[in-house]
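S.K.: Below you'll find the structure I mean.
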Amino acid sequence: MSEPETNGTGTQRVMAAHRYCIRPKDPAAHLFEVSLTVERPDSTGQIFAIPAWIPGSYMIRDYAKHVVAIRAEADGLAVSLRKIDKSRWQADPVERPITLIAEIYAYDPSVRGAHLDTQHAYFNGPCVFASVVGQEDRQCELEILPPKAPVGRNWRIATSMRRRDTAPYAFGLYIAENYAELIDHPVEIGELSIGEFEVNGIPHAIAIRGRTRTDMARLCHDLQTLCEHHVSLLGMPEDLDRYLFLLHAPSSGYGGLEHRWSSSLVCARDNLPSRGDAEVSDGYREFLGLASHEYFHLWNIKRLKPEIFSPYDLSVEAHTSLLWVFEGITSYYDDLVLVRSGLIAEDSYLELLGRTITRVLRGSGRARQSVAESSFDAWTKFYKQDANAANAIVSYYTKGSLIALSLDLKLRSETAGRVSLDDVMQACWSRWGQSGQAMPEDGFEVLCTEVSGLDLSDFLDAMVRGTGELPLQAMLSSHGIDYRIRKRSGRRDKGGTPVGGEATAALWLGANLTERDGKLVFAVVMNGGPAEFAGVAPGDVAVALDGVALTAANCDRRLSSYHDGDSLELVLFRGDDLITTSIKIAAAPDDTCYLALVADVDADTESRRAAWLHGS
């Protein structure tokens, strides 16, 4: 396709789209070949750039490092190409179409990368497609070619990108309005299981890679249910004419990344429902929450976004203090929608909420870093966590979701149910999302006050820029929810229930231990805990406690046989050095939360609780 462009005399000339082509050149070596043809390159020498990061994942990843070879040509003749910095190349001036050809190494299995082997191909645009600097608004065509036989005999393509004269799920030609859209459509290629459904008349689909025996009919029904609920809250975006869930279902794994017309998800195959399953297992509940989270991003970050992301500059960090709004509020609604839509019961939702509270309580970093700081420093702290992260940072996802909960319940209580966070989000969508305008740094807080008529400045200042404890117990109590705190009962205790794990002792070593390669490792050493006082360092391998081997299987049981204050010999490996120290066992902290519905509440409280949990 071509588009008109006006030259200096006011005469229109036809400008061709940028033509991209990608093929799995050597699946065994994990190499894509990508070409890009520019009809009218910059007369001073066209510059090409590969992004340093991908929207939704706030860390510099320098995707250009995966370029194995790159060259340029025009009319079959080589054009000199020089690298001018870590992510950009400049070609010599030419007065005819120029083609850039690159080989890209692709062996990142995450939702943020590109991956190619003899079993499948997957890529995100920032990993493989260079931009034409100065011409990023030009329409783009993408031809996706199959690998050489016999690889890929039964492969299909799943992407939300629009097709041009190409059959559904087939190799061929795809189009995007500009470079920003081109790189916002991840592509999965392989032997796929595909289910289709509609949400308010809009085609939706899920494409699954992995050996699963999932009940596709139930999966589509449940996804349709949660999507319809999200749409009922904020309305269908005007440009949403299709949507695709891309799901990789390996033996283990978890993660997701949002896009404007799709999302990439990873979950363990056993978390998906099989035919005949009637209940919502813990694993399936986790998957539904993940899908719900990424779908809510259709509004909250993909269309409604902070000013610094409008437009994205993918060459450098883009700092904002608002990630708690875009990720924290999304994290609040992802599970809340599951109970509101009837996919899970109230007690199941409260268990999830109790686990979220527990995760926040177990990180002492919440007393050192605010969610505004966590948002701003995502590039250097949250996405680059070290062994001290739990002691130094707080998650703008988890604590952000609890701030959203506190704000929602405060609004409901102090306006007698007239205003809730639902109303604030609808106002945000109307003011910034639908209009295409970006949210200023103070926009969310200003709009909260405007919508509610309440003076929320002190509350939001304390919650967002402060490091104090959240008023969750009082807020939940006002809505008929009993808030309880207990001691953790063992390594596997996630909270959310009155009794956790299989252990009975509430003692601890002041560290999080995890199993790595069959060894029990001190992954996190808590500030002020027994392990830190004993000189234990992150990464130390536990060998023995009180003269007996310490393992993942016996750790909790061994601790249960001691008492608070007992001093024991602890033997560890630090690297290849054997170290013996003394550790004083302590009582586990009160850092584990569980919630329950209060049975006997008055009518007003019951009404508030129902309105919150069921969105009425």
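S.K.: Quick one: would you say Asp92 is among the acidic types (Asp, Glu), surrounded by fewer than 20 Cβ atoms within 10 Å (Cβ to Cβ) and within 34 Å of the chain's Cα centre (by Cα)?
M.R.: Details: among the acidic types (Asp, Glu): yes; surrounded by fewer than 20 Cβ atoms within 10 Å (Cβ to Cβ): yes; within 34 Å of the chain's Cα centre (by Cα): no.
Judged against the criteria, Asp92 is not a match.
S.K.: Right, Glu103: over 27 Å from the mean Cα position of the chain (by Cα) and either in a strand (DSSP E or B) or within 18 Å of Tyr20 (Cα to Cα) (or both) or not?
M.R.: Details: over 27 Å from the mean Cα position of the chain (by Cα): yes; either in a strand (DSSP E or B) or within 18 Å of Tyr20 (Cα to Cα) (or both): yes.
Yes.
S.K.: Looking at Ser193, is it polar (S, T, N, Q) and within 23 Å of Thr118 (Cα to Cα)? First the steps, then the outcome.
M.R.: On the way: polar (S, T, N, Q): yes; within 23 Å of Thr118 (Cα to Cα): yes.
Yes: the conditions hold for Ser193.
S.K.: Of all residues in region 202-213 being of a type outside the set (A, V, I, L, M, F, W, C) and modelled with pLDDT of 95 or more, which is farthest from Pro168 (Cα to Cα)? Break it down stepwise before answering.
M.R.: So the first thing to find is which residues in region 202-213 are of a type outside the set (A, V, I, L, M, F, W, C), and the list is 203-204, 209-213.
Those left that are additionally modelled with pLDDT of 95 or more: 203-204, 209.
Details: Pro203: 13, His204: 13, Arg209: 17 Å.
It comes out as Arg209.
S.K.: Would you kindly identify the helices (runs of 4 or more DSSP H) lying entirely within region 254-371 that contain at least 3 residues that are more than 26 Å from Ala158 (Cβ to Cβ)? Lay out the reasoning, then the answer.
M.R.: Numbers: elements: 282-296, 329-340, 346-361.
The qualifying helices (runs of 4 or more DSSP H) are 329-340, 346-361.
S.K.: May I pose another question? If you go through region 408-442 one residue at a time, how many are in a helix (DSSP H, G or I) and either without any contact (Cβ under 8 Å) to a residue 40 or more places away in the chain or within 17 Å of Ala610 (Cα to Cα) (or both)?
M.R.: Selection size over region 408-442: 14.
S.K.: Taking the criterion of being surrounded by fewer than 19 Cβ atoms within 10 Å (Cβ to Cβ) and over 20 Å from Ile60 (Cβ atoms), would at least one residue in region 118-127 satisfy it? Working first, answer last.
M.R.: Here is the first cut: in region 118-127, the residues surrounded by fewer than 19 Cβ atoms within 10 Å (Cβ to Cβ) are 118-119.
With the extra rule that they be over 20 Å from Ile60 (Cβ atoms), the set shrinks to 118-119.
There is at least one residue in region 118-127 that is surrounded by fewer than 19 Cβ atoms within 10 Å (Cβ to Cβ) and over 20 Å from Ile60 (Cβ atoms).
S.K.: Take region 197-220 and flag every residue that is loosely packed, with under 14 Cβ neighbours inside 10 Å and not in a strand (DSSP E or B).
M.R.: Asn200, Gly201, Arg211, Arg213, Ala217
S.K.: Give the residue that is farthest from Glu414 (Cα to Cα), with candidates limited to residues of region 594-614 that are of a type in the set (Gly, Ala, Ser) and more than 29 Å from the chain's Cα centre (by Cα).
M.R.: Within region 594-614, the subset of a type in the set (Gly, Ala, Ser) is 596, 599, 603, 607, 610-611.
Right, trim to more than 29 Å from the chain's Cα centre (by Cα) and you get 599, 603, 607, 610.
Working: Ala599: 23, Ala603: 17, Ser607: 15, Ala610: 17 Å.
Checking each candidate, the answer is Ala599.
S.K.: Another question, then. Of the conditions (1) surrounded by fewer than 17 Cβ atoms within 10 Å (Cβ to Cβ); (2) touching a His at 6+ places or on another chain (Cβ under 9 Å); (3) of a type in the set (S, T, N, Q), Ser251 clears all except one; give me its number.
M.R.: Ser251 satisfies all of (1) surrounded by fewer than 17 Cβ atoms within 10 Å (Cβ to Cβ); (2) touching a His at 6+ places or on another chain (Cβ under 9 Å); (3) of a type in the set (S, T, N, Q) except (2).
S.K.: Same structure, new question: If Ala176 satisfies all but one of (1) under 16 Å from Ile144 (Cβ atoms); (2) in the same structural domain as Glu258 (by TED's automatic domain parsing), what's the number of the condition it fails?
M.R.: (2)
S.K.: Please tell me if Glu228 is acidic (Asp, Glu) and over 19 Å from Gly256 (Cβ atoms).
M.R.: yes
S.K.: For residues in region 27-78 being at positive phi and surrounded by fewer than 20 Cβ atoms within 10 Å (Cβ to Cβ), which is modelled with the lowest pLDDT?
M.R.: At the first step, the residues of region 27-78 found to be at positive phi are 30, 45, 56, 62, 75-76.
If we keep only those that are surrounded by fewer than 20 Cβ atoms within 10 Å (Cβ to Cβ) too, we end up with 45, 62, 75-76.
Values: Gly45: 98, Asp62: 98, Asp75: 95, Gly76: 92.
Within region 27-78, the match that is modelled with the lowest pLDDT is Gly76.
S.K.: When region 537-593 is examined, which residues are found to be touching a residue at least 40 places away in the same chain (Cβ under 8 Å), part of a loop (DSSP other than H, G, I, E, B) and closer than 17 Å to Gly518 by Cβ?
M.R.: Within region 537-593, Gly539, Ala552 qualify.
S.K.: Hey, could you check region 486-505 for residues that are more than 29 Å from the chain's Cα centre (by Cα) and not in a strand (DSSP E or B) and say which is modelled with the highest pLDDT? If you could, list the steps in order and put the result at the bottom.
M.R.: Looking only at region 486-505, we keep the residues that are more than 29 Å from the chain's Cα centre (by Cα), and these are 486-487, 489, 498-499, 502-505.
Those still in the list that are not in a strand (DSSP E or B) too: 489, 498-499, 502-505.
Values: Ser489: 86, Pro498: 93, Val499: 82, Glu502: 50, Ala503: 47, Thr504: 54, Ala505: 52.
Looking at residues that are more than 29 Å from the chain's Cα centre (by Cα) and not in a strand (DSSP E or B), I get Pro498.
S.K.: So which residues in region 473-485 are surrounded by fewer than 20 Cβ atoms within 10 Å (Cβ to Cβ) and either under 30 Å from the mean Cα position of the chain (by Cα) or of a type in the set (Asp, Glu) (or both)? So that I can check it myself, show each step before the final result.
M.R.: Residues of region 473-485 surrounded by fewer than 20 Cβ atoms within 10 Å (Cβ to Cβ): 473-474, 477-478, 482-485.
Within region 473-485, Gln473, Asp482, Tyr483, Arg484, Ile485 meet the criteria.
S.K.: Right, another one. For residues that are without any contact (Cβ under 8 Å) to a residue 60 or more places away in the chain, at negative phi and aromatic (Phe, Trp, Tyr), tally how many sit in region 144-180.
M.R.: Qualifying residue count, region 144-180: 3.
S.K.: On to the next question. Can you find even one residue in region 4-24 that is surrounded by 15 or more Cβ atoms within 10 Å (Cβ to Cβ), touching a Ser or Thr at 6+ places or on another chain (Cβ under 8 Å), on the phi < 0 side of the Ramachandran plot and modelled with pLDDT under 95?
M.R.: Yes: one or more hits.
S.K.: Could you identify the single residue in Glu294, Glu307, Glu238 that is buried (at least 18 other Cβ atoms within 10 Å of the Cβ) and out of contact with any Phe, Trp or Tyr (no Cβ under 7 Å at 6 or more places or on another chain)?
M.R.: Details: Glu307 fails: buried (at least 18 other Cβ atoms within 10 Å of the Cβ); Glu238 fails: buried (at least 18 other Cβ atoms within 10 Å of the Cβ).
Sole residue among the options that is buried (at least 18 other Cβ atoms within 10 Å of the Cβ) and out of contact with any Phe, Trp or Tyr (no Cβ under 7 Å at 6 or more places or on another chain): Glu294.
S.K.: Now for a separate question. State which residue pairs qualify: first residue in the same structural domain as Ala121 (by TED's automatic domain parsing) and among the basic types (Lys, Arg) and inside region 232-248, second residue buried (at least 16 other Cβ atoms within 10 Å of the Cβ) and not in a loop (DSSP other than H, G, I, E, B) in any location, beta carbons under 6 Å apart, and separation of 6 or more residues or different chains.
M.R.: From residues that are in the same structural domain as Ala121 (by TED's automatic domain parsing) and among the basic types (Lys, Arg), there are no pairs.
S.K.: Here is a further query. Take the residues in region 463-472 that are part of a helix (DSSP H, G or I) and crowded, with 16+ Cβ neighbours inside 10 Å, then tell me which one is nearest to the chain's Cα centre (by Cα).
M.R.: Filtering region 463-472 down to residues part of a helix (DSSP H, G or I) leaves 463-465, 472.
Next, from what is left, pick out any that are crowded, with 16+ Cβ neighbours inside 10 Å: 463-464, 472.
Numbers: Met463: 23, Val464: 21, Leu472: 25 Å.
Taking the candidates together, the pick is Val464.
The values are calculated or read from the model by the stated rules, or taken from the named source; none is laboratory data. Just so it is clear, the structure is predicted and the values come from calculations on it, not from any experiment. Note: ideal-geometry Cβ built from the backbone for every residue, glycine included; neighbour counts use all protein chains shown.
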